[in-house]
1. Write down the accessible area per residue of the chain in Å², having rolled a 1.4 Å probe over the full set of protein chains.
2. Treat every Asp and Glu Cβ in the chain as -1 and every Lys and Arg Cβ as +1, leave all other atoms uncharged, and give the resulting dipole magnitude about the Cα centre to the nearest 20 debye.
3. Roughly speaking, to the nearest percent, how much of the chain's 1.4 Å accessible area is carbon and sulfur?
4. Of [x] 71; [y] 58; [z] 75, which one was derived for percent of Cα pairs over 16 Å apart from the structure shown?
5. First check a/c for segment 30-72, with a ≥ b ≥ c the square roots of the eigenvalues of its C-alpha gyration tensor; if it is under 1.5, answer rounded, and if not, answer prolate when a/b is larger than b/c or oblate otherwise.
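The values are calculated or read from the model by the stated rules, or taken from the named source; none is laboratory data. Predicted, not measured: the structure shown is a model, and the values here were computed from it. Note: ideal-geometry Cβ built from the backbone for every residue, glycine included; neighbour counts use all protein chains shown. Surface accessibility is based on the protein's heavy atoms, side chains included, excluding ligands, DNA and RNA. Shrake-Rupley method; radii C 1.70, N 1.55, O 1.52, S 1.80 Å.
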Amino acid sequence: MQITVTVPEKKAEEFLALVKELGYKSEVKTPKKLKPKEPRLLKELRQSWKEVEMHERGEIELKTLDQLLNEL
């Protein structure tokens, strides 16, 4: 099984030591640098995801596909 964990950089060394102590293998991958347009896209995706979660909890009502197509 493979599990991906994101750890703050300042805690990474401590976390890797714990993983090693438990006898597990670890592979470190650092995130690539974002291009200038990517931060905006990521911000918009995060906001959209929050809206989906709010909809699932019944906090907001989202438009139907028909409503979106009618706007076009």
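1. That works out to 110 Å² for each residue.
2. Taking the Cα centre of the chain as origin, the dipole is about 560 debye.
3. Using a 1.4 Å probe with all protein chains present, the chain comes out at 56 percent carbon and sulfur.
4. The value matching this structure is [x].
5. Note, shape of segment 30-72 comes out oblate.
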